[in-house]
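See below for the structure under consideration.
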Amino acid sequence: MSNVTDNRAAGRFELTEGGETAIAAYRREGDAIVFTHTEVPPALEGHGVGSRLIAGALAQVRAAGLTVVPACSFVAAYVQRHPDAADLA
């Protein structure tokens, strides 16, 4: 998960593997990170990259003391499947 970077200028968390980059777009609203879109390149689909991306992003959100608004369906499903992330939403 340490490979997940916060590209603040672009408003997205990124995870690059094999030359392809998965992204979780967000906007900051006060003390919350609103996740708006997650995109995993076709070459990375089915390998857990999206889940690793969101896990790493949520770890950074937690470390910053922020909360999460899962406007993206992928992030919402991740939070629902992982009770340890429920306190962030």
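Taking only C-alpha pairs under 8 Å that are 6+ residues apart, what is the relative contact order of the chain in percent?
Numbers: 142 pairs, mean separation 22.6, N = 89.
Computed over the chain, the figure is 25 percent.
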When the Karplus curve 6.51 cos²θ - 1.76 cosθ + 1.60 is applied with θ = phi - 60°, which whole-Hz ³J(HN,Hα) does each residue of region 67-79 get, with x for Gly and Pro? 10, 10, 10, x, 6, 7, 4, 5, 5, 4, 5, 4, 4
With axes computed from alpha carbons, what is the tilt in degrees of helix 49-63 against the longest principal axis of the chain, rounded to the nearest 10 within 0 to 90? 30 degrees
Using amide H atoms built 1.01 Å from N in the peptide plane, name the residues 5+ places from V69, or on other chains, whose amide H lies under 5 Å from its own. I33, V34, F35
Quick check on region 2-53: take the gyration tensor over C-alpha atoms, sort the square-rooted eigenvalues as a ≥ b ≥ c, and tell me if it's rounded (a/c under 1.5), prolate or oblate. prolate
Between D31 and A64, what is 0.36 nm times their sequence separation minus the Cα-Cα distance? Round to one decimal in nm. 10.9 nm
How big is the shadow of the Cα convex hull of the chain, averaged over all directions, in nm²? 5.4 nm²
Ordered by number, the GluC sites (Glu not before Pro) in region 24-73 that occupy a DSSP loop and have at most 12 other Cβ atoms within 10 Å are E45
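Read-outs throughout are calculated quantities, based only on the coordinates presented, and are distinct from any laboratory measurement. As the structure is a prediction and not an experimental result, all values here were calculated from the model. Cβ: placed from backbone, ideal geometry, glycine included. Neighbour counts: every protein chain shown.
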